[in-house]
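*Asks:* I'd like to ask you about the structure that follows.
The values are calculated or read from the model by the stated rules, or taken from the named source; none is laboratory data. Note that the coordinates shown come from a computational prediction; the quantities given were computed from them, not determined experimentally. In this analysis, Cβ positions are derived from the backbone assuming ideal geometry, glycine residues included, and neighbour counts consider all displayed protein chains.
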Amino acid sequence: MSIPKVLHYCWFGGAPKPKNIQNCIRSWKKYCPDYEIIEWNEQNFDVSQSLYTRQAYDARRWAFVADYARLKILYEQGGIYMDTDVELLRPLDDLLAYPAFFGFQHNNEVATGLGFGAEAHSPVVKALLDDYDGLPFLLPDGSCDLTPCPKRNLPVFDRFGIRADGTRQSTPEMEVFPVEYFCPVAYAGSTCDITPNTYSIHHYHASWKEKSRAMRFDEEVMEPLLGAKFYYRYYRPFRRALGARRKKWRT
């Protein structure tokens with residue numbers, strides 16, 4: 001068996017896709033031209049099939065609906081899932097031979113949003129999916145449970161023998177890669193470690209968070225204009241330094 005050449009992504013809520021998301025999807029078509037690309041949304045995914053997705057959808061927390069949906073989809077169909085803010089830098093074909101693959105992010109947690117792949121009926125994906133059985137998205141006080149899925153998934157990867165140390169690891173069920181493969185840019189662009197091993201960049205656009213006008217401008221205009229490497233290595237550090245200097249002037 002091998003992972004099928006299918007790229008899955010989720011787009012719940014029906015909002016128009018911003019330019020930065022369109023650019024990321026365009027990179028998938030560039031580097032995976034012979035892959036089928038499937039968008040999952042309310043029309044082809046039953047959001048009422050679990051308590052978690054039903055409550056998350058009603059709360060309009062689309063990213064948390066996708067946390068469950070991607071596991072369900074890959075368990076049933078196999079393929080590769082990517083968040084819509086993942087930009088590909090090279091083809092993925094040499095990953096298809098693994099029964100499943102995942103990547104670490106900079107805090108040494110495995111993050112499925114970076115992009116992960118699996119054969120259908122993967123035992124790892126099944127275990128991740130089962131962890132949501134009966135799980136509510138709403139807490140007893142009525143607030144939303146915003147636990148990020150990498151933190152929620154930690155015990156499952158631990159049961160499969162994956163150490164939370166960021167190193168490359170192999171088990172009979174999966175291959176887990178260091179940050180440079182799928183997460184060379186840390187959240188908020190604090191580090192940039194793009195190497196010849198890098199397959200993709202997760203831009204951490206964090207659609208569930210409120211953003212300033214300046215942040216949206218950077219993500220939607222400056223990043224595509226400058227290119228990922230220049231943007232994260234030079235532009236973002238410059239913006240942070242400028243912001244710190246302005247803050248100092250005001251105090």
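*Asks:* Inspect all residues belonging to the range 72-83 and state whether any of them is in contact with an Asp or Glu (Cβ under 6 Å, 6 or more places away or on another chain) and not small (Gly, Ala, Ser). Break it down into steps so the answer makes sense when it comes.
*Replies:* Taking the range 72-83 first, the residues in contact with an Asp or Glu (Cβ under 6 Å, 6 or more places away or on another chain) are 78.
Restricting the remaining residues to those that are not small (Gly, Ala, Ser) gives none.
No; the residues of the range 72-83 include none that is in contact with an Asp or Glu (Cβ under 6 Å, 6 or more places away or on another chain) and not small (Gly, Ala, Ser).
*Asks:* While we're on this one: Testing Ala63 on (1) over 27 Å from Gly14 (Cα atoms); (2) within 15 Å of the chain's Cα centre (by Cα); (3) surrounded by fewer than 22 Cβ atoms within 10 Å (Cβ to Cβ), one condition comes back false. Which one is that?
*Replies:* Here Ala63 clears every test but (1).
Conditions (1) assigned by TED's automatic domain parsing to the domain that holds Ile201; (2) of a type in the set (Gly, Ala, Ser); (3) crowded, with 21+ Cβ neighbours inside 10 Å; (4) not in a helix (DSSP H, G or I), marked per residue:
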{"residue": "Arg26", "(1), (2), (3), (4)": "yes, no, no, no"}
{"residue": "Glu39", "(1), (2), (3), (4)": "yes, no, no, yes"}
{"residue": "Val47", "(1), (2), (3), (4)": "yes, no, no, yes"}
{"residue": "Arg54", "(1), (2), (3), (4)": "yes, no, no, no"}
{"residue": "Tyr68", "(1), (2), (3), (4)": "yes, no, yes, no"}
{"residue": "Lys72", "(1), (2), (3), (4)": "yes, no, no, no"}
{"residue": "Thr84", "(1), (2), (3), (4)": "yes, no, yes, yes"}
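*Asks:* Here is a list of conditions, (1) surrounded by 17 or more Cβ atoms within 10 Å (Cβ to Cβ); (2) modelled with pLDDT of 95 or more; (3) not in a strand (DSSP E or B), and Asn20 meets all of them except one; can you say which number that is?
*Replies:* All conditions are met except number (2).
*Asks:* Here's a follow-up. Yes or no: the range 44-55 includes at least one residue that is closer than 13 Å to Ile73 by Cα, of a type outside the set (S, T, N, Q) and either modelled with pLDDT under 95 or touching a Ser or Thr at 6+ places or on another chain (Cβ under 6 Å) (or both).
*Replies:* Yes; the residues of the range 44-55 include at least one that is closer than 13 Å to Ile73 by Cα, of a type outside the set (S, T, N, Q) and either modelled with pLDDT under 95 or touching a Ser or Thr at 6+ places or on another chain (Cβ under 6 Å) (or both).
*Asks:* Now for a different question. Counting just the residues of the range 143-184 that are closer than 25 Å to Ile3 by Cβ and of a type in the set (Val, Ile, Thr), which one comes out farthest from the chain's Cα centre (by Cα)?
*Replies:* Going through the qualifying residues, I end up with Thr171.
*Asks:* I would also like to ask the following. Give the range 125-180 a look and list any residue that's farther than 24 Å from His203 by Cα, among the small types (Gly, Ala, Ser) and touching a residue at least 12 places away in the same chain (Cβ under 8 Å), or say none.
*Replies:* Correct list: Ala127, Gly134.
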